[in-house]
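My structure is below; once you've seen it, I'll send some questions.
Every number in this text was worked out from the coordinates using simple rules, so none of it is lab data. This structure is a prediction, so every number in the text was calculated from the model and none was measured. Reconstructed Cβ throughout: ideal geometry from the backbone, glycine too, with neighbour counts over all protein chains shown.
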Amino acid sequence: MERKSIILRILENDKGGKIVLSSLAVVVFVVAFCNLFIPESSIFHISTFTVTILGKYLAFALLALALDLVWGYLGILSLGHGAFFALGGYAFAMYLMRQIGNRGVYGNAELPDFMVFMNLKELPWFWLGFDNPLFAILMVMMVPAILAFVFGWFAFRSRVTGVYLSIITQALTYALMLAFFRNDMGFGGNNGLTDFKDILGFDLSADTTRVALLIITFFALVFGYLVCRFIINSKLGRVVISIRDAESRVRFLGYKVEQYKLFIFVVSAVLAGIAGALYVPQVAIINPNIFSPLFSIELVIWVAIGGRGTLYGAIIGAIVVSLASTYFTSALPEVWLYALGGLFVVVTLYLPMGIVGLISKIKMKKA
Amino acid sequence: MNILKIILLNLLIFSFSYSSTFEELSSKLSDNSFKVKEDVVSELIVNYKDEQRLEILLQNMLLGNLYFQNQSNEILFLEKENSFKSLFTNESITNANENDFSKIKINNKLRSVIKASLAKINLFANDENKRLKAAKNILENLEEQDKKILEEALKTEKTSSVKDILLESITNINAKFSTGDEQLIAISKLGSFLSAKSLETLNGLKDSSDEKVKVAVKKALNEIEFSKSIYSLIETAFFGLSQGSVLLLAAIGLAITFGVMKVINMAHGELIMIGAYTTYTIQQLMPNLIEYSVIIAIPAAFIISGLVGIAIERLVIRHLYGRPLETLLATFGISLILQQVVRTIFSPLNQEVKTPSWMSGALEINGALSLTYNRLYVVIFAFVVFFAILYVMKKTSLGLKVRAVSQNRPIARAMGIQSSKIDAITFGIGSGIAGVAGVALSQLTNVGPNLGQAYIVDSFMVVVFGGVGNLWGTLIASFTLGEINKFIEPLAGAILAKVIILVFIILFIQKRPRGLFPQKGRDAQD
């Protein structure tokens, strides 16, 4: 009861968040139910493919949430959030790789296939410990956190702001992409990590595992939302918002702006890392393309379309754009890049507050 | 009367024997004696060095393709099967009866005489290129007896490039065939030559039984290695220069749009791509003018990319001034659209852009160092573009207006400058330069829809590293990054080199957020 009241208190005055989260809860429940309990012959059965796709969207939504925290509330446009997502994904994929054991093509119990292929004799040091799921989960959060801390510590301390910060975050993810494309890095080069068999002893291809992953992702999203909302509603959140609006003034008032920025940036990176870790088992592959600047900038447009600075807008944006992307890339692949490019232009020119802003505008007119 | 006739006839014969024509002299080759033929060849060389037919004659004689007509002793050479061509009348005789002609036979001694003569002809030719070719040819197929001709040629040779090769040839012969001190001196001299031939000679002498020779060879080899490493250093520096000029070309347009106007144009790379595709289109439209296509493409690309840039500015960016992050997103959307347009019009695949012949090949400086012409021209071109832009920005009234608007828009407007027109023109110039960069890049890399993406991060790095709003900073930053990249590459590999550079710049910006050459004073405020 106590816990529930905290959640309710966090969501107080957050009508949009309540609506989005509860409708998502309904969708997730219906999809899970229709997949598991309605026989395949029935028209109400929902395929496992749909379950996986929905899980992927929810992981993206969590990523968008993380970006909205830094962009919408701290005013930092990160063009490199894909890097944190990918690092979390790689950390968890390493655990999944170790779970394959001797079921790989080469049947080597000690080494993943690509290492056998590269004639490695023993596991590189940075792969040690990843057969332990708890260690892997810790790394999913620690690796992005450490990168964000080091990067942010340098960047914020020397007061790199605005466009410069955006460009160096882009350079960061670009550099990581180039590095991960190298075979000698020990992360599978351009093929990435794939061919996972099971997770925590459960078969990854089983329907129940997929549904469980979907539900876990949903709860991670809710958890992430609550954390972000809690931070924003707190006293710390107010300082953060004022940093966005008038950085020098906050600094003159005696607040250590760098520390606030760093804290939010690291929290956001951890959330992005968790999103990546949830993404990997569902799509069953991770490769360096996730590091590409294109992906990072695409997720910026999710947030922009949903409406930045609202948190739930980021969730809406991520799901809507991903849905459109899935539809177009299979139905009209030629049109998708025109549409995506057009979205960037139209949203920035005519919808500065995104879908959420549009809805509230319409409401205002009606009232 | 009779006496007069005899005298006249004698006079005639007399004069003939002293100055017989090329035809008469060469007819004597029909003689069976090798000794006579040898004399004839030597005489021909002395009297008809500049006669073009002599070279043809000797070459065919060497190959055994020289014949004479049995009755008239007319000299002919075998053009192709059953077809002779007369050296005297230049007429071809097809379907000839082989019995009418006899082959002019040669022996080994005669062969070497002919060879020497051929080399002699060319070594003493008036055409400089011919001499160079002959000298190179001799160096390739060195023989001991060549030494005499080489020394003779050296006496009269004036062109230094030919002289060097002659000297090298003589030194090689001395190193190989001489003995004693002369050989040792020659070996130590070989150390200063860099050709593969000298290296071959030295390597051949490495296992000599003579200790002194061995020591000298070792020393010479070390010397060659040392100068080779220096030349490879120069070569790397040149590659860095070339890489730097590519960066400069890609970044200079950005330095204007981003540096002067403070507009983040993520579609800048695509404007470069449009320039490259303009070159491709021009080559497709005018297949007969490949030689000039690049020259035509430069203004064309400037105009097309410039117009696209102006369209972007008028339609989108104009509405987003003062909102840099939004501009970034909107122009990124435009870049996606432009890429897709190119994919739709052309194809998603890379297109082949031809290189004009004057841009292919390489400038050979010596045996160890050669610079490719396309890179050389791009380096020059980058400087030309840079100084042209610098001139426009610093010395013209347009440049003055651009700088005025970028420094203080309201005051500039108060002075009667139409700021929105200047914005459009500035953006057009920046975009046009991007198009011109595309023309240059089309000669160096693959032309495809992703061409621009590869350069956008790099060009931003250059501009930020150099200091926003500072063209000189952009110049220095381009070449610094180009050189660092090329010098790290052999140590770390191409990809890691790039990563190292990016990390370096990220760290650098932490230290100096405003780049190498920050703007000072009040303008520098955001």
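Where does chain B land at 222 nm, in deg cm²/dmol rounded to the nearest 500, when only DSSP H runs of n ≥ 4 count, each adding -39500 (n - 2.57), divided by all residues?
-22500 deg cm²/dmol
From the phi of every residue in the stretch B:282-288, what ³J(HN,Hα) in whole Hz does the Karplus formula 6.51 cos²θ - 1.76 cosθ + 1.60 yield, where θ is phi - 60° and glycine or proline is x?
Values per residue, Gly and Pro as x: 4, 5, 6, 6, 10, x, 8 Hz.
Please arrange B:Leu202, B:Leu507 by counting, for each residue, the other beta carbons lying within 10 Å of its beta carbon, fewest first.
With the sparsest Cβ surroundings first, the list reads B:Leu507, B:Leu202.
Could you tell me the distance between the Cα centroids of the stretch B:134-164 and the stretch A:88-145, to the nearest Å?
67
Starting from the Cα gyration tensor of chain A, take the square roots of the eigenvalues, sort them a ≥ b ≥ c, and report rounded, prolate or oblate (rounded when a/c is under 1.5, otherwise prolate if a/b is larger than b/c, else oblate).
Since a/c reaches 1.5 but b/c is at least a/b, the shape of chain A is classed as oblate.
Evaluate the relative contact order of the stretch B:134-275 (contact order divided by residue number), counting alpha-carbon pairs under 8 angstrom at least 6 apart; express in whole percent.
15
Modelled label-to-label distance, B:Asp181 and B:Glu364, 7 Å Cα→beta-carbon offset: nm?
Here the modelled spin labels are 3.5 nm apart.
Long-range amide H contacts for A:Asp198: which residues qualify at under 5 Å (H placed 1.01 Å from N, peptide plane, sequence gap of 5 or more or a different chain)?
Those lying under 5 Å, H to H, from A:Asp198 are A:Leu204.
Reported to two decimal places, what Rg/Rh ratio describes chain B when computed on Cα atoms with Rh from the Kirkwood expression?
Taking Rh as the inverse mean 1/r over Cα pairs, Rg/Rh reads 1.19.
Let me have the relative contact order for chain B, percent, based on Cα pairs under 8 Å that are six or more residues apart.
Contact order relative to length: 15 percent.
Something else now. Any idea which of B:Ala454, B:Leu441, B:Leu507 is furthest toward the positive side of the dipole for the stretch B:414-526, if Lys and Arg beta-carbons carry +1 and Asp and Glu beta-carbons -1?
B:Leu507
Across the stretch B:396-409, in residue order, what do the Karplus-derived ³J(HN,Hα) couplings come to in whole Hz, using 6.51 cos²θ - 1.76 cosθ + 1.60 with θ = phi - 60° and x for Gly and Pro?
Using θ = phi - 60°, the values come out as 9, 6, 4, x, 4, 5, 4, 5, 4, 5, 6, 7, 7, 4 Hz.
Remind me, relative contact order of the stretch A:252-367 in percent, using alpha carbon pairs under 8 angstrom and six or more residues apart?
Normalised by residue count, the contact order of the stretch A:252-367 is 22 percent.
Whole angstrom only: what separates the Cα centroid of the stretch B:175-230 from the Cα centroid of the stretch A:197-243?
So the two Cα centres are separated by 74 Å.
Oh, and also: Quick one: how many lysine pairs in chain A have C-alpha atoms under 28 angstrom apart, if they're 8 or more apart or on different chains?
Going through chain A pair by pair, I get 22.
Here's a follow-up. Neighbouring Cβ atoms within 10 Å as the yardstick, rank B:Thr281, B:Thr344 fewest first.
Ranking B:Thr281, B:Thr344 by Cβ neighbours within 10 Å, fewest first, gives B:Thr344, B:Thr281.
Counting partner chain Cβ atoms within 10 Å of every residue's Cβ in A:154-161, what's the average?
Partner-chain Cβ atoms within 10 Å, mean over residues of A:154-161: 3.
Let me ask something additional. In peptide A:342-351, what is the residue-averaged number of other protein chain Cβ atoms found within 10 Å of each Cβ?
Mean partner shielding for this stretch: 6.
Arrange the following residues from fewest to most other Cβ atoms within 10 Å of their Cβ: B:Lys133, A:Lys363.
In increasing order of surrounding Cβ atoms, one gets A:Lys363, B:Lys133.
Hey, another quick one. Quick check on the stretch B:125-207: take the gyration tensor over C-alpha atoms, sort the square-rooted eigenvalues as a ≥ b ≥ c, and tell me if it's rounded (a/c under 1.5), prolate or oblate.
prolate
Return the loop-located trypsin sites (Lys or Arg not before Pro) in the stretch A:80-189 (DSSP other than H, G, I, E, B) with at most 13 other Cβ atoms within 10 Å of their own Cβ; answer none if there are none.
Here the trypsin sites (Lys or Arg not before Pro) that fit, given the DSSP loop and packing criteria, are A:Lys121.
If you filter the stretch B:52-135 for chymotrypsin sites (Phe, Trp or Tyr not before Pro), then keep DSSP loop positions with at most 11 other Cβ within 10 Å, what is left?
Here no chymotrypsin sites (Phe, Trp or Tyr not before Pro) fit, given the DSSP loop and packing criteria.
7 Å from Cα along Cα→Cβ at both B:Glu352 and B:Lys133: what's the point-to-point distance in nm?
Modelled inter-label distance: 2.9 nm.
Same structure, new question: What are the aspartates and glutamates whose alpha-carbon lies under 17 Å from the alpha-carbon of B:Lys80, with same-chain residues fewer than 8 places away excluded?
Answer for B:Lys80, where 17 Å is the Cα cut-off: B:Glu91, B:Glu98, B:Asp100, listed by chain and number.
Packing-wise, with mean Cβ within 10 Å as the measure, how do B:264-272, B:422-430 rank, highest first?
Packing proxy ranking, top to bottom: B:264-272, B:422-430.
Continuing with the same structure: Report, by chain and number, residues whose modeled amide H sits under 5 Å from the one on B:Asn265, excluding near sequence neighbours (fewer than 5 apart, same chain).
Here the answer is none, since no amide H 5 or more places off falls under 5 Å of that of B:Asn265.
Also: Give a residue-ordered list of calculated ³J(HN,Hα) values for the stretch A:358-367 (Karplus: 6.51 cos²θ - 1.76 cosθ + 1.60, θ = phi - 60°; whole Hz; x for Gly, Pro).
Per-residue couplings from phi come out as 4, 4, 5, 5, 4, 4, 4, 5, 4, 7 Hz.
List the residues whose amide H sits under 5 Å from the amide H of B:Glu79, counting only those 5 or more places along or on another chain, with H placed 1.01 Å from N in the peptide plane.
Residues meeting the criterion, in which the H sits 1.01 Å from N, are B:Phe84, B:Lys85.
Once you have the Cα-Cα distance between A:Thr326 and A:Phe154, take 0.36 nm times their residue separation minus that, and quote the gain in nm to one decimal.
58.1 nm
How many partner chain Cβ atoms sit within 10 Å of a residue's Cβ in peptide B:507-516, on average, as a whole number?
Counting other chains' Cβ atoms within 10 Å and averaging over B:507-516 gives 4.
Loop sites only, by DSSP: take the GluC sites (Glu not before Pro) in chain A that have at most 13 other C-beta atoms within 10 Å and name the longest stretch containing none of them.
A:123-367
Over 25 Å between C-alpha atoms is what I'm after, so list which of B:Lys115/B:Lys206; B:Lys354/B:Lys394; B:Lys136/B:Lys214; B:Lys130/B:Lys155; B:Lys395/B:Lys421 land there.
B:Lys115/B:Lys206; B:Lys354/B:Lys394; B:Lys136/B:Lys214
Now for a different question. Kirkwood Rh over alpha-carbon pairs of the protein assembly as shown, then Stokes-Einstein at 4 °C and 1.567 mPa s: what D in µm² s⁻¹, rounded to an integer?
Answer, rounded: 39 µm²/s.
Then there's this: At most 15 other Cβ atoms within 10 Å and a DSSP loop assignment: could you name the GluC sites (Glu not before Pro) in the stretch B:30-136 that fit?
For GluC sites (Glu not before Pro) across the stretch B:30-136 that sit outside H, G, I, E and B with at most 15 neighbouring Cβ atoms in 10 Å, the list reads B:Glu51, B:Glu81, B:Glu91.
Take peptides B:493-506, B:404-417 and line them up by average Cβ neighbours within 10 Å, highest first, as a rough protection proxy.
Ranked from most to least packed, the peptides come out as B:493-506, B:404-417.
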